[in-house]
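Structure record follows, encoded as structure tokens.
The values are calculated or read from the model by the stated rules, or taken from the named source; none is laboratory data. None of the values given here were measured: they were computed from a predicted structure. Neighbour counts are summed over all protein chains in view; Cβ atoms, including those assigned to glycine, are modelled from backbone coordinates with ideal geometry. The protein model used for the area step is the full one, side chains on, heavy atoms only, and it has no ligands, DNA or RNA in it. Shrake-Rupley method; radii C 1.70, N 1.55, O 1.52, S 1.80 Å.
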Amino acid sequence: MTTSTGEAIQFWVLGIVAVLGALGTVGMRKAVHSALCLAGTMIVLAVFYLAQGAYFLGIVQIVVYTGAVMMLFLFVVMLVGITAADSLKETIRGQRAAAVLCGIGFGILLIAGIANASLHRFTGLAQANAGGNVEGLARLVFTTYVWAFEITGALLITAAVGAMVLTHRERTERPATQREQSEARVREGRNVTPLPAPGVFARHNAVDVPGLLPDGTPSELTVNQTLRARGQVRDVGGEQERRVRKLEQRSDEYVEGVTEGEGAPEGGRDRSGDNDGANHAEGAAK
Amino acid sequence: MSATAAAVHSLWTTRALADTAATPAIPTPHIEYAQLSPVLIVFGAAVLGVLIEAFAPRAARYAGQLAVSVVGLAAAFAALVALAADGYAQGRSHVAAMGAVAVDGPALFLQGTIVLIALVATFTFAERRLDPVAHGNRVDSFAAQGSAVPGGEQEQKAVRAGFTTTEVFPLLLFAVAGMMIFPAADDLLTLFVSLEVFSLPLYLLCALARRRRLMSQEASVKYFLLGAFSSAILLFGIALLYGYAGTVSYGGIADVVDGTAKLTPALANTTGNDALLLIGGAMVVMGLLFKVAAVPFHMWTPDVYQGAPTPVTGFMAAAVKVAAFGALLRLLYVVLPGMRWDWRPVMWGVAIVTMVVGAIIAVTQTDVKRLLAYSSIAHAGFLLTGVIAVSPSGVSSVLFYLVAYSFVTLGGFAVVTLVRDAGGEATHLSKWAGLGRRSPLLAAVFAVFLLSFAGIPLTAGFSGKFAVFKAAAQGGAVPLVVVGVISSAIAAFFYIRVIVMMFFQEPQPQGPTVAIPSPLTSTAIALGVAVTLVLGVAPQYFLDLAGKAGVFVR
């Protein structure tokens, strides 16, 4: 058999997408973008497998790799911090240029060599899929390659143990109960009430925006200390202070207007009434 | 009533009977459990170790793990001896587990070596007398808690609580099981899976040093990234070889390479020219050369050997080399002997570069662990000269060299763990000055190991080098032997320099102290010395043993 026109078109179009995705995986600055590029490449590969009659592999590639593994990977990236970017500073001068040069050289050598293998036809696909694709695979996995399949189990155990060893932190002491924590707070006399919430005047309710104290300075207590340690607190102190000052200025002007004009208080009362209504509606929606 | 029943029954239909005739039953695979028992025992012990980690209280884990590891490895060795006694090493050798694993002389010999290495390595892993007692707890070479940030608050808490990472024992056993399959693998898929099975635990073990944890983690990441890359290259090579031969079994590929396989249309198509075979073979060999740390695939070795916990370094340096050389021998002697006119010139080049670069760069090293790392690279070169011989004496000399080298290496790294100062092991060479005055016994033992590395007569190193060089010379590689002898001389220079430094220089006032080890490490070192002297003075029995074990099954 030879390759049909449709398959050839499919290959060359998707092949470009796959290579671009792979290059993006390596080249992107942010881990999230890299992961998404990798997911794209994997889906394209799955299409290749399906087009070549490896239905089981194609579906597994989508369900397990792209669907489960890559999405878990994305979760991890999100937990670690979506804004985290690697430093791309070269520690050895000229290393990157040399690596690119070597890579291109190796690639040319490989492509030239494999292209020289001159395989014009392919055979055996119908024979391999004769009893059904999944059945054929099962026959190989559970007879000829059963030993390799079994020792893969050792690999999985090692991976699980390794993940636990490298990431699991067992507590060294009993965690303080809520009662003990509250007693300690009262005993120390600091922050007896719950900690203040982040966010400013309902403009920003994100957890990485510090709440402002009455004098307009950001409060350290409002932002989770993990975010603070990572340096992921959005520095809006200056901007917020400016806005607060503007607001104060406006309210000053308004108050001055009230004492001067006549109609302004009416309008003001109406506006506040609208606001109340909107708040009620929002509360009902919640 | 009947109306409702009909309405309900219209919601389903009876299933069609499975058409058993259309899909023929899959025959049950035939697995020779008795012949695979050594590997299965080690796997079983490893799983038992994981269960101990999961269920046993923290205080009981260390003793339990040590007992399970030692008993498991001893039982595996007994099983290997029983198999060899049954004649599987010679007359009855065959391929087990549906063509996945060879049970033959080289496989049993190398598996036995790996199990013994692992047994000695278990002793060094379990050593708890070297570090000063921390908060009333004896500690080993491994991190209190691998997940704690180095130098962080959590790490201090874990140390205070007396945590230890006893998971290293099951990880070691998994690595050992993978290494036992690696040189015995008789198809390329098993080769790849076993490569991963033994690599993954090693990446983890590298990251678990108690002292200098950042360096240890860096070593682990480096090893993991480069190892993953080399695995990918090996896998690509496997795919190309499969494309060429239409099979992944060693015997099948060898038949196609020799031209004795039945010519099908598919084979006629792919074997039109050798491009796939040459590229595929080259890439598989590349993957193996990475594991044996041959130049130019050696870049990871010094950093990883230096960063990893020293017991792990000793285990890696010894056992990985044994396993990977076993696999390389089988690949080149069973799968690609028909291609030897193609791969021999390449291996010549690799062997020469490996010996020369390893020896020359070692001269400039100032750290004991890096020095031993470069020396292990040079030794990979010496071993390659034996591989190139393509003769029965080539196999037996490499087998013998591997035994001699691995026990000396284990002993050498065990000695490194004993020389300590306030920051842990004092690995900088300047600190070793005058050690012979302060601790003559330790310095003398290390000198014996160094002389063996250098290949001075009456040590194991000399017998090994003599065997591989003789095999290479008989195989027509005399220039290679000349290069080997010259680089041995260069290597001898820096080994002797360390000995001179230890014995003929004044000790520093702020120099390191020598820790008094428990019987565990003492056993490892004593075994190293014993093997060095026995293989050096009376090597004939072991040469004969290696000679008898030198025939591959196909």
* To do: Can you tell me which residue among A:T143, A:T222 is more than 14 Å from chain B (Cβ to nearest Cβ) and either in contact with a Phe, Trp or Tyr (Cβ under 8 Å, 6 or more places away or on another chain) or at pLDDT 80 or above (or both)?
  => A:T222
* the stretch B:133-166, residues that are over 17 Å from B:L520 (Cα atoms) and open to solvent by 50 Å² or more (accessible area, probe 1.4 Å) -> B:V133, B:H135, B:G136, B:V149, B:G151, B:E153, B:Q156, B:K157, B:R160
* To do: Say whether the condition of being aliphatic (A, V, I, L, M) and at the interface with chain B (Cβ under 9 Å from one of its Cβ atoms) is met by at least one residue in the stretch A:166-182.
  => yes
* Any residue at all in the stretch B:351-373 that is within 17 Å of the chain's Cα centre (by Cα) and closer than 23 Å to B:E127 by Cβ? -> yes
* In the stretch A:52-69, what residues are open to solvent by less than 40 Å² (accessible area, probe 1.4 Å), assigned to a helix (DSSP H, G or I) and under 21 Å from A:G132 (Cα atoms)? -> A:G58, A:Q61
* Among residues of the stretch B:484-513, those that are among the aliphatic types (A, V, I, L, M) and open to solvent by less than 40 Å² (accessible area, probe 1.4 Å), counted -> 5
* To do: Kindly indicate whether B:F198 is modelled with pLDDT of 95 or more and more than 10 Å from every other protein chain (Cβ to nearest Cβ).
  => no
* State whether one or more residues within the stretch A:105-120 are under 20 Å from A:T2 (Cβ atoms), open to solvent by 80 Å² or more (accessible area, probe 1.4 Å), facing chain B (nearest Cβ under 7 Å) and in a loop (DSSP other than H, G, I, E, B). => yes
* **Failed item, numbered, when B:P311 is tested on (1) modelled with pLDDT of 95 or more; (2) within 27 Å of B:A275 (Cα to Cα); (3) not β-branched (V, I, T)** => (2)
* Among the residues of the stretch B:380-396, is there at least one that is within 25 Å of B:G536 (Cβ to Cβ) and not in a helix (DSSP H, G or I)? -> yes
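Okay, residues lined up against (1) of a type outside the set (S, T, Y); (2) within 26 Å of the chain's Cα centre (by Cα):
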| site | (1), (2) |
| --- | --- |
| B:A389 | yes, yes |
| B:G394 | yes, yes |
| B:Y401 | no, yes |
| B:Y405 | no, yes |
| B:L429 | yes, no |
| B:L435 | yes, no |
| B:F446 | yes, yes |
| B:F449 | yes, yes |
| B:F453 | yes, yes |
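One line per residue, one yes/no per condition, for (1) within 30 Å of A:A138 (Cα to Cα); (2) of a type in the set (G, A, S); (3) free of Cβ contacts under 8 Å to residues at least 60 places away in the same chain:
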{"site": "B:P24", "(1), (2), (3)": "yes, no, yes"}
{"site": "B:I31", "(1), (2), (3)": "yes, no, no"}
{"site": "B:L36", "(1), (2), (3)": "yes, no, no"}
{"site": "B:F43", "(1), (2), (3)": "yes, no, no"}
{"site": "B:R58", "(1), (2), (3)": "no, no, no"}
{"site": "B:V68", "(1), (2), (3)": "no, no, no"}
* **Flag if A:A126 is open to solvent by 70 Å² or more (accessible area, probe 1.4 Å), more than 7 Å from chain B (Cβ to nearest Cβ) and assigned to a helix (DSSP H, G or I)** => yes
* Asked: Pick from A:V207, A:V161: which is modelled with pLDDT of 85 or more, β-branched (V, I, T) and outside the structural domain of A:L79 (by TED's automatic domain parsing)?
  -> A:V161
* Does B:A96 count as more than 14 Å from chain A (Cβ to nearest Cβ) and either free of Cβ contacts under 8 Å to residues at least 24 places away in the same chain or in contact with a strand residue (DSSP E or B) (Cβ under 9 Å, 6 or more places away or on another chain) (or both)? -> no
* To do: With respect to B:F174, determine if the residue is at the interface with chain A (Cβ under 10 Å from one of its Cβ atoms) and aromatic (F, W, Y).
  => yes
* Do you know which residues across the stretch B:23-53 are within 13 Å of another protein chain (Cβ to nearest Cβ), small (G, A, S) and open to solvent by 70 Å² or more (accessible area, probe 1.4 Å)? -> B:A25
* Asked: Which numbered condition trips up B:M180, out of (1) of a type outside the set (F, W, Y); (2) in contact with a Pro (Cβ under 7 Å, 6 or more places away or on another chain); (3) more than 10 Å from every other protein chain (Cβ to nearest Cβ); (4) over 26 Å from B:S93 (Cβ atoms)?
  -> (4)
* Quick check: anything in the stretch B:77-91 open to solvent by less than 40 Å² (accessible area, probe 1.4 Å), within 20 Å of the chain's Cα centre (by Cα) and more than 14 Å from every other protein chain (Cβ to nearest Cβ)? -> yes
